[in-house]
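Following: one structure in structure tokens, then a few remarks.
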Amino acid sequence: MPRHQRKPKGRPIDGWLIIDKPTGIGSTDVVNRVKRAYDAQKAGHGGTLDPLATGLLPIAFGHATKTVPYVMDGTKVYHFTLRFGEARDSDDADGAVIETSDLRPSDDDIRAALPPFTGDIMQVPPIYSAIKVNGERAYDLARDGQEVMLEARPARVDRFELIERPDADTAIFEVQSGKGVYMRSLARDLARALGTVGHIAALRRLRVGPFNESHAVPLDKITVTGDTPSPSLDLLLPLTTALADIPALAVTEAEAARLHFGQALSLVEFMGRVPSDASPDGGMVRAMAGERFVGLCRLEDGMLLAERLMAPG
């Protein structure tokens, strides 16, 4: 081994751990705690949650980190509480009050205002977000007191429903959305559309792609201190759990080897094996050699093309 190639620290662990994130801690801090608890070589998360937010934070170990983009592209479900009457600079309860209003909308007003916020919409992200402006994070610029101007960007909201109205000041919603939708922006913009101002007082994520609350493990069950043993590896889900929605294609070890060599394989070789729910025009499949996950491949122009492969097992 060349001197400059150091052996990675920690254990080589593969799989997913779905943490039920408590409020008051950032997503990166959660990853660091869990990585340390498991003494894992490599870990990352599948979609940031704000410190105020609670709920599902999928954490990928080892080879599972290669599948993070596919989890982040999946459907997400949230509950959030919108508090009317105060606009905050962060669009959530952690920020400073920048505007107030005495107007409180009725339930009927709220329901009537929701349709324009569903489907394909344009959304301006919160200034306290990780979006880069001239190479710097928007939240860093905002914290430095600089004026931050962010462009509206496309977002997909599949469902936006009023589910509870505890009192005149608050309303609770359920949202089902695609990638990159900011709940803080939805809350801010809905309040504005209702002729008032508001911010998110509470936010919980209930689903990320194939993961739901039944998979979730409390963070305090993972964190180790002093002489506490490392948490059980039985809490981890297999790498392929994240790809459950992608059709499986059976391949032989010889075909897997050819994919690893960078060859495109003719779909004629896979007659009778291509799953019926895989689109022949750029559709993704999960290549499996028996129980072994080979990688993700794309169907295109009658060929099977490697998209993201795991290291040969």
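The values are calculated or read from the model by the stated rules, or taken from the named source; none is laboratory data. Bear in mind the structure is a predicted one, so any value in this text is a computation, not a measurement. Heads up, the Cβs are rebuilt from the backbone with ideal geometry, glycines too, and the neighbour counts pull from every protein chain shown.
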Being hydroxyl-bearing (Ser, Thr, Tyr) and more than 29 Å from Ala202 (Cα to Cα) is the filter here, so list the residues in region 11-44 that pass it.
Tyr38
Starting from region 264-278, keep only residues that are within 18 Å of Gly295 (Cβ to Cβ), then list their pairs with residues that are among the charged types (D, E, K, R) and surrounded by 10 or more Cβ atoms within 10 Å (Cβ to Cβ) whose Cβ atoms are within a distance under 8 Å, requiring at least 6 positions of separation or different chains.
Leu265/Glu255; Leu265/Arg258; Glu269/Glu255
Restricting attention to region 145-194, the residues that are touching a Leu at 6+ places or on another chain (Cβ under 6 Å) and either free of Cβ contacts under 8 Å to residues at least 40 places away in the same chain or surrounded by fewer than 16 Cβ atoms within 10 Å (Cβ to Cβ) (or both) number exactly 1
Residue count, region 61-120, condition touching a residue at least 40 places away in the same chain (Cβ under 8 Å), surrounded by fewer than 16 Cβ atoms within 10 Å (Cβ to Cβ) and closer than 30 Å to Val285 by Cα, comes to 1
Taking region 16-69 as the search range and keeping residues that are under 19 Å from Glu213 (Cα atoms) and hydroxyl-bearing (Ser, Thr, Tyr), which one is nearest to the chain's Cα centre (by Cα)?
Thr48
Could you name every one of the strands (runs of 3 or more DSSP E) located completely within region 228-313 that has at least 2 residues being closer than 25 Å to Ala40 by Cβ, among the aliphatic types (A, V, I, L, M) and not assigned by TED's automatic domain parsing to the domain that holds Pro69?
292-300
Within region 170-182, the count of residues that are within 15 Å of the chain's Cα centre (by Cα) and part of a strand (DSSP E or B) comes to 3
Inspect region 27-39 for any residue being of a type in the set (S, T, N, Q) and over 19 Å from Ala242 (Cβ atoms) and give the result as yes or no.
yes
Say whether the condition of being modelled with pLDDT of 95 or more, in a helix (DSSP H, G or I), surrounded by 19 or more Cβ atoms within 10 Å (Cβ to Cβ) and of a type in the set (Lys, Arg) is met by at least one residue in region 195-211.
no
Would you confirm whether or not region 218-227 contains a residue that is within 26 Å of Ala311 (Cβ to Cβ), surrounded by 11 or more Cβ atoms within 10 Å (Cβ to Cβ), modelled with pLDDT under 85 and not assigned by TED's automatic domain parsing to the domain that holds Met284?
no
Take the conditions of a type in the set (S, T, N, Q) and either part of a helix (DSSP H, G or I) or touching a Cys at 6+ places or on another chain (Cβ under 9 Å) (or both) and apply them to Ser185. Does it pass?
yes
